[in-house]
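What follows is a short report on a single structure.
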Amino acid sequence: MADHPLAGEHHPSPASSAATALGPLLLLPSELLHEILIRLAVPELLRVRSVARPLSSLISSPDFRRLYHLSSASSGPGPAAAWLLLFKKLPPRDAAIRGFHGPSGRWFRIPVSSILAPAVPPGEDLYFLAASGSSFLFAANGRRELVVVDLTARAARRLPPSPLGPRGTSSWRRFGLKLVADPPGSSRFRFLFAELVNNTPFLFEYRSETDTWRQSEAALAVGATTPASPDGTFLCAAHAGPDCVMVYSGPGAAGDDGPLFFRPRFPNAAGHGGDRLHVYGDGCAAVVRSAALDDPATTSRVGRVKVVAGVELYGLGGAVGGDWELVAAVPGELVEGFRKPYAVMTGLLAEREGVVRLVLISNCRGAWDFVWLSYDRARAEWRWVPVPDWGGSKGLNMAGIAVSSTFSRLWPAPSSPSTSSSSSHQ
């Protein structure tokens, strides 16, 4: 399946031709136009805005932005409400993010090369770390620094070095970092990561508003006596299979909003033994059990491979300092739907507004496969959305992957005197 372009790329049809073709559409009442446009994905909206000037003012209006923001916020739980974003290792002049949009079931190509050019020299080796709202964060291996791309402003800038100094791409661990739009819907953001320094957990936080870093040593949590706030953040400072060091930052931590750390354990050695992959994120843990595939026909063709035998989701029970508690297991019939042979596998895990999203990325003989699952806590419901191949995954040299449930909210929701925004993540 081919991916679809985003505004900013060259298109053979000029804006005047697009406006002419849209002539009958422009005669519709604005209310009906709203209903049509609100069903488009963000890349499609941006393309329409760029090639059809008569619709640009409507799409950019406060009324439409408010309507689109509310629609994306209430588009339902599960994968359809979020974006799967991945970066293919290419020279900066060809750099692009591939984004899979659940509702349309399509891949989009999001070009970032022209935006990166002023901040990234030719030949730089980039790695995609995280995304939130319109902000995309990259690590530059050559210069050993961080670069953030703002899609709304179409601008890129380098961040000052963290308190740990310049770092190469191999120093950043997915389970231990988080990018947060703050406030939600704005171009301002916070970037947090947790790290062991001389065997002591530390939390490092960058704020774009002040362009400064802050570091805090985490204190040991004593028992599961501190409730986790909805505005808090869990990061994995270190892990080796089922053993991990979690760092929590948020209201109630250490009594003065300082970070806490603890070492949660799995119940009855559930996370130990056998062929198991552990994925951590946002105070959750997924344990993926695999079994060797004994089919001689397959193993003779692709070598020793495995298949997923089960997936379990664990949480911390809303408390800081406790152990892992089983939340739910993926039903067997759902697992059967994505049981494909693989040689290697990794994953990412994120939770936002009561929906946990798990992405499993596997490779077999150079072909990549993506499994996208979500669990709605309120409904106690698992969902799986098959992710089609866009035609470029064979031999893909992937350089970073992320899930964002705020990418569809590129425009800030206009403020209202009767409402206020609450803090959100990812």
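The values are calculated or read from the model by the stated rules, or taken from the named source; none is laboratory data. Since the structure is predicted, the reported quantities are computational estimates derived from the model, not experimental observations. Quick reminder, even Gly has a Cβ in these numbers, built from the backbone with ideal geometry, and neighbours come from all protein chains shown. In case anyone asks, the SASA skips ligands and DNA or RNA and just uses the protein heavy atoms, side chains included. Shrake-Rupley method; radii C 1.70, N 1.55, O 1.52, S 1.80 Å.
Could you list, in sequence order, all residues of the range 346-405 that are among the small types (Gly, Ala, Ser), under 24 Å from Pro331 (Cα atoms) and over 14 Å from the mean Cα position of the chain (by Cα)?
Gly354, Ser362, Ala378, Ala380
Within the range 276-283, does at least one residue satisfy the condition of being without any contact (Cβ under 8 Å) to a residue 40 or more places away in the chain, part of a strand (DSSP E or B) and either among the basic types (Lys, Arg) or under 22 Å from Trp107 (Cα atoms) (or both)?
Yes, the conditions are met somewhere in the range 276-283.
Across the range 116-138, what is the number of residues that are in contact with an Asp or Glu (Cβ under 8 Å, 6 or more places away or on another chain) and either surrounded by fewer than 23 Cβ atoms within 10 Å (Cβ to Cβ) or assigned to a loop (DSSP other than H, G, I, E, B) (or both)?
Residues meeting the conditions: 1.
Hey, can you tell me all the residues within the range 95-115 that are crowded, with 20+ Cβ neighbours inside 10 Å, assigned to a loop (DSSP other than H, G, I, E, B) and not hydrophobic (A, V, I, L, M, F, W, C)?
Gly102
Scan the range 35-68 for residues that are part of a helix (DSSP H, G or I) and under 18 Å from Ser104 (Cα atoms) and jot them down. Working first, answer last.
Step one: of the range 35-68, the residues part of a helix (DSSP H, G or I) are 35-37, 42-51, 53-59, 62-68.
Passing the criteria: Glu35, Ile36, Leu37, Val42, Pro43, Glu44, Leu45, Leu46, Arg47, Val48, Tyr68.
Filter the range 148-176 down to the residues that are more than 23 Å from Leu46 (Cα to Cα), part of a strand (DSSP E or B), in contact with a strand residue (DSSP E or B) (Cβ under 8 Å, 6 or more places away or on another chain) and open to solvent by less than 60 Å² (accessible area, probe 1.4 Å) and list them by number. Steps first, please.
To start, the set of residues in the range 148-176 that are more than 23 Å from Leu46 (Cα to Cα) comprises 158-176.
Now narrow it down to the ones that are part of a strand (DSSP E or B): 158, 162, 165.
Imposing the further condition that a residue be in contact with a strand residue (DSSP E or B) (Cβ under 8 Å, 6 or more places away or on another chain) reduces the set to 158, 162.
Passing the criteria: only Ser162.
Among the candidates Ala319, Ala269, Ala253, single out the residue that is open to solvent by 50 Å² or more (accessible area, probe 1.4 Å), modelled with pLDDT under 90, among the aliphatic types (A, V, I, L, M) and out of contact with any Asp or Glu (no Cβ under 6 Å at 6 or more places or on another chain).
Ala269
Every residue, every condition in (1) in contact with a helix residue (DSSP H, G or I) (Cβ under 6 Å, 6 or more places away or on another chain); (2) open to solvent by less than 30 Å² (accessible area, probe 1.4 Å); (3) at pLDDT 75 or above, yes or no:
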residue: Val356; (1), (2), (3): no, yes, yes
residue: Ala367; (1), (2), (3): no, no, yes
residue: Val385; (1), (2), (3): yes, yes, yes
residue: Gly395; (1), (2), (3): no, no, no
residue: Ala399; (1), (2), (3): no, yes, yes
residue: Ser404; (1), (2), (3): no, yes, yes
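Would you call Arg188 surrounded by fewer than 24 Cβ atoms within 10 Å (Cβ to Cβ) and within 18 Å of Thr233 (Cα to Cα)?
Yes; evaluated as a whole, the condition is true for this residue.
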